Every structure is written in structure tokens, then in C-alpha cells.
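Engineer: Here it is: the structure, laid out below.
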Amino acid sequence: MLGRARPWAACCLMLLISVCAVPSQAGSFPVPTRQEQSRLQAELQAARFLTHATFGPSSADIQSLANQIEKLGQVPALEAWIDEQFGLPGSYHEPLAKQMISDAGYTSPVADGVSTSRYRDDAWWHTVLTAPDQLRQRMAWALSQIFVISQHGDGFNSRALEDATGEPMYLGIVHYYDMLLGNAFGNYRSLLGDVSLHPVMGVFLSHVNNAKATATTEPDENYGREVQQLFSIGLYELKETGEIKVNKKTGEPIPTYDNEDIRSFARVFTGLHYAGANFGQNRRNFHAPMVMAEDKHDTEAKTLHNGTVLPAGQSGMDDINAALDNLFAHANTGPFIARLLIQRFIKSNPSKNYIRDVARSFADNGAGVRGDFRSVLKTILLHTEALDTYNLRLMKKTKTLEVSGSGTEHSRLQEPVLRYAAFLRAFNPTTDHRQGYLAIGDMSRWLNQQVYRAHHVFNFYLPNHVPAGELQTYRTSRQVPNYQLYAPEFEIMTSVAANRIANRFRSDVQDADVDLSSRDATGSYGFDVFLDFSEAEALAGDPPALLRHLNLMLCRGLLEDPALEKLAVILAQETADPTTRSRGAILALLTAPDCAVHE
């Protein structure tokens, strides 16, 4: 283990200062031969794509995909990778959580001592760090930030077996997440139906046991509002390009819905209750879709969007399906969902053309099918704006390949969970856990973000968040819808959060160990996750080579020459010890702005 001696602290401090102090310029890689140029270009393309499509690549992942890019060409190789991912079975979290509980020696998931959150978190981290179905896992994470629930719901943290299926209630939110995972490569309409009927969502947005109006009560309007605002059509009418439509007379945005629409949809979602219980009973069942009590459903006619009328006397489930079909068919749904998914995978400010192309893919997958997520994902990941987020230019005189970002509109601050997961996956994590589980646990204190802990119904951050202050030197192009730039992830990247994640990186890099043993003194749960820095240590004798390797691994080639040159000098001056040198370089790049902001 590396100690806390002054050389480590001094080296890291100088490295961090140097990375943050250089002006924005391009970075370059020496490519003496045409073969080396081709190989480096393939590696850069592979690193960028895998950063978009997975929870982070290892060096082996980058080299493997680079081989295919050289063999097939960029787009055919990436499309083949996506198709391979589509064919992999899903790695689900609830069965793993139960297995972890059993392997820990508990006789049941509700035995004394079982934590209601530990195994949910451990199963999630182990899966996203090790599962081969990385694209499905990334899509589920993205969907969980659109169709939001959090653990702060009635009964979500109870160990009781009140669940009518005999399952503990605290695993209900894992069941919900696995439902998103199962729909990741399916159809949006099916997902919207599963979300609407899932009892966890029924609790979170309060439409379980929602009864029709009486002389003294009205139906709960929560889900009727949010299924429109958050899950389908948004607040304002949109063009196919994501541009907001405005009233020609007033110049104001045109709302997609009003209070009458909310009331109509609230009336649609009446009569639902827990499976295996009577309406109004609080015998929770978080593992089976809600069912309909027809006598509690509003059977009067209802008017929805575009003049659609649900006839009086229709069954409750017929009403729900017709209402969801109405939202599915709405012209807003394609561009609204397209923009949110692009933000989660690629960039904060997709262009009008990018949104339009993904919206068209949503409207028709090429075979007349609307809402096909496979088609949508391919369009997002293979779009020119995803593949051209930075510029590659061969400098013939110096025989270098210059790498530079494409600019503000093509970037995205990497959210903390993805940033941390990519760090761990880059260094081939292992563990001394008896069953080999990467039991990372709750990282919300360090990351200001953690699965099942959305800050509010709008996710961890708003998709339209604009940081305080002005961009003094940048003018938004006409390609961005409504000429407005957003930076969602900056809402949770506060000064406190930035300091904590930097401290987390420092601790983990210093010891090559995510040391979590202090979480449990029983001896049954004191396991570490170890990181393998041997590849970096092998290059430590050649600082420029070490930095080239880490630049590709951690920054996708985007760390700029002035920073790299200063880092190389400091590394050579501060220490010759390969462990200190390599770990200092890793920490410097992990905390560098060029590596935290993705292009």
C-alpha cells in the first residue's frame, strides 16, 4: 500500500495545479507511420463510443473494438457491437440481491440484520461493473432518470413481507428497475404501460387506490399530470426538431396540456389497486402489476389530446390503454423522448437535426413500427453528432494526430455515477469477497448521486438546468433548438460534491483499493475492491508514454498538449518511484476538467 508521505501529496498537488491552469488547446499523438495513425484513430473512436454506450471501457475493451474498426470500418464495427449487445440476455438486479443476501448467511431476505438498502446497492454496482450487457445496463440507467422513482416512498424500505407475493417490500424498487431493464430494447409503448401499472410508480405518484369522484372527493391528479409532463409529451408543443412552437399572436410557447387534460387523465387512472388485495387495502404488492376495480373507476366519457374521446361505459383497462395510446401517438412524444435520451448518452445540447433524426427513428424504425428502442438507440449512438464530437487532424510535417474538441455545444459533463463507474471499470476491479461480489454500496455521500435515490420527481437534475452566470465568450449557434444551452449535470456538481468526488478518487487511487471494510464490523461483510494499476506502472519510466496511455483510457484523447507537457515534467521531477508516479498521473487525469467534460 502506498503511504501518505509527502512525495505523494506534493506530486498530486502539482499535477492538479498544472492540469487546471493551462489554456484550452488541442492535444496530439505521435504517429510516425500510416499504420500507427490508423490504429490510433481506431482506438480513439473505440474509446469515445464505449464511453457513450457502456459504464466505461477497460484497455482490453478499447483494443478489441479498435481491432474491429480497423477490420470493418467505424460504423459497421460499431453497429455490429450494438447488434451483439442486443442479443445478450439481461443481467437483472433483484435475483442477484437475493443471492447476495443468501450468500451472506441470512436464512431469508427479511432475517434480522438484513439491511434494506445495502444489497440493492451492492447488486447494482456489481452488475454495472461486471455484466456483459453494458448497453442494456446504460439504457436502464437512462430510463430510470426519465421514469423516475426513488426509495423515499411509503413502504419502499420496509423489511416486512407485507408484499402479497411473499417478497420483501424493500426489493420492490429493484423490481421496478428490472422492469426498466427488461424494456430497454423493447418498445416505448410497452414500457409506458408497464410503468403506469407498476405498484412502485403507483405509490410514488399516488395513483394506487385512486378512486373516482364522489360528492366530497376528486381523483388524485398526480400521475395524470406527470405521465404527460415527464414521461411523454412535455410542457410545450414541439416541432420534430425539438424547437418549441409559439403562438403567432402572443409569441408565447403553446402548452401541450391544460387543467382539463390533467383532470381527464386523472379520471382515466382511477380504480387501480394492489394485486391480491381489495381496493383501498394497504396490503402492498410491489411485484405484480396493479389491477382494476371497475366499481371505483370513472366510467364517464373523457376527452384527451387531438380530440380523442373515450366513450362512456368503457372498462378501466380499456380507458388506460386508450389514454396511453393517445400519448404514444402524440407528435411531441418522439422529439421529447429523443432529446432526453440523447442527453443521457451523448451530449447536453443536441442539434435540431440530431433530435429530428432520432424522433423520426422513434416514429418509424424502417419497418413501420413506432417507438422501437433498438432503432432509437442505433440512431443515437451512430449519428454523425455522436461520432464527430471531436476533431481528428493529421499533421503531416510533425507526423502527429491532433485531437481537439468540437466546442461547447458538443460536450456534456459526465454525471458522477458514470464518472466513478468508468474509473473502476478502467482498472479491472477485483475483490476478496468470498463470492467475488464487487460490493461497492451506497456512494451518494461521495457522488451526490446513487441509484434509487433521485432527488425529486424530475431526477437528480433538471434536463433544462442552466448554471448560474453567463457564458462570456460563447454565442449559441442556430443549430441548437431555441438557442438555449443547458448543462443538467452541473446542478449536482456543487463545490461540495466536486471536492468529495476528488477525495474519493484520491483515496481509491492512493491505495488502489476501494476500502469499504469499515461499513460492517461483523466479519461477514468486510470486503475490499482492488484496482489494477500494473499497466500504468509498467509505463511509469516513460512519463510521456504513461500520459498518452492514460489520456486514451481516461480522457478519450482530449487532454491537451500544454497540460500533458507540464505533467510529464512534474512527474519526472517529483519522483522516480513507479507506483507514486503512475498513481499521481492517474489522479491528475481523473480530476482534470478535460476528462470530466465529454466530447
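Engineer: Report, to the nearest whole %, how much of the accessible area of the chain belongs to carbon and sulfur atoms, 1.4 Å probe, protein only.
Structural biologist: Accessible surface attributable to carbon and sulfur in the chain totals 50 percent.
Engineer: I've got another one for you. What does the charge count around GLY316 come to, taking other residues whose C-beta lies under 10 Å from its C-beta (Lys +1, Arg +1, Asp -1, Glu -1)?
Structural biologist: Within the 10 Å Cβ shell, the charges total -3.
Engineer: Here are several values of log10 I(q)/I(0) by the Debye sum over Cα atoms at q = 0.05, 0.07 Å⁻¹: (i) -0.23, -0.46; (ii) -0.29, -0.53; (iii) -0.29, -0.57. Which one was derived from the coordinates shown?
Structural biologist: The value computed from this structure is option (i).
Engineer: At a probe radius of 1.4 Å, what is the per-residue accessible area of ASP103, in Å² to the nearest 10?
Structural biologist: 40 Å²
Engineer: Could you work out the relative contact order of the chain, using alpha carbon pairs under 8 angstrom and six or more residues apart, expressed as a whole percent?
Structural biologist: After rounding, I find 20 percent.
Engineer: Cut-off 13 Å, label point 7 angstrom out along Cα-to-Cβ of ARG434: give me the residues of segment 90-132 whose amide nitrogen falls inside.
Structural biologist: Label zone hits: 100-107.
Engineer: Tell me, what is the FRET efficiency for ASP325 and THR384 to the nearest 0.05, using R0 = 41 angstrom and their Cβ-Cβ distance as r?
Structural biologist: Computed FRET efficiency for ASP325 and THR384: 0.80.
Engineer: Sticking with this structure for a sec: Quick one: which residues, 5 or more positions from SER28 or on another chain, have an amide H under 5 Å from its amide H? H modelled 1.01 Å from N in the peptide plane, none for Pro or chain starts.
Structural biologist: Residues meeting the criterion, in which the H sits 1.01 Å from N, are VAL403, ASP561.
Engineer: A further question on this structure: Using 0.36 nm times the number of residues separating GLN573 and ASP364, minus their current alpha carbon distance, what extension gain do you get?
Structural biologist: 69.3 nm
Engineer: Would you tally the net charge around HIS598, using a Cβ to Cβ cut-off of less than 9 Å, leaving HIS598 out, and scoring K and R as +1, D and E as -1?
Structural biologist: Summing Lys/Arg as +1 and Asp/Glu as -1 gives +3.
Engineer: When the Cα centres of segment 235-261 and segment 399-417 are compared, how far apart do they sit, in Å?
Structural biologist: For segment 235-261 versus segment 399-417, the Cα centre distance is 33 Å.
Engineer: Roughly how many Å² of THR384 are accessible to a 1.4 Å probe, to the nearest 10?
Structural biologist: Using a 1.4 Å probe on the heavy atoms, I get roughly 90 Å².
Engineer: Would you tally the net charge around HIS207, using a Cβ to Cβ cut-off of less than 10 Å, leaving HIS207 out, and scoring K and R as +1, D and E as -1?
Structural biologist: Every neighbour counted, the sum reads -3.
Engineer: Could I ask something else about it? Heavy atoms only, 1.4 Å probe, whole protein assembly: order HIS52, HIS455 by accessible area, highest first.
Structural biologist: Details: HIS52 5, HIS455 90 Å².
If we order HIS52, HIS455 from most to least accessible, we get HIS455, HIS52.
Engineer: On alpha carbon coordinates alone, what is the Rg over Rh value for segment 488-599, Rh being the Kirkwood radius?
Structural biologist: Rg divided by Rh gives 1.03.
Engineer: Whole number in Å², please: accessible area per residue of segment 97-246, 1.4 Å probe, ligands, DNA and RNA not counted.
Structural biologist: The answer is 31 Å² per residue.
Engineer: If you don't mind, there's one more thing I want to ask. Loop only by DSSP, 15 or fewer other Cβ within 10 Å of the Cβ. Give me the GluC sites (Glu not before Pro) in segment 206-305 that pass, ordered by residue number.
Structural biologist: Details: sites: GLU221, GLU226, GLU237, GLU240, GLU243, GLU260, GLU294, GLU300; in loops: GLU221, GLU237, GLU240, GLU243, GLU300.
Sparse-neighbourhood loop GluC sites (Glu not before Pro): GLU300.
Engineer: If LYS399, LYS352, LYS248 are ordered by their accessible area, calculated over protein heavy atoms with a 1.4 Å probe, which sequence runs from highest to lowest?
Structural biologist: Numbers: LYS399 110, LYS352 35, LYS248 200 Å².
Ranking LYS399, LYS352, LYS248 by accessible area, largest first, yields LYS248, LYS399, LYS352.
Engineer: Using a 7 Å offset from the Cα along the Cα-to-Cβ direction at both MET395 and HIS465, what is the distance between the two label points in nm, to one decimal?
Structural biologist: 3.7 nm
The values are calculated or read from the model by the stated rules, or taken from the named source; none is laboratory data. The structure presented is a predicted model; accordingly, all values stated were derived computationally and were not measured. Counting neighbours? That spans all protein chains shown, and the Cβs are built from the backbone with ideal geometry, glycine included. Accessible surface areas use protein heavy atoms only, side chains included; no ligands, DNA or RNA. Shrake-Rupley method; radii C 1.70, N 1.55, O 1.52, S 1.80 Å.
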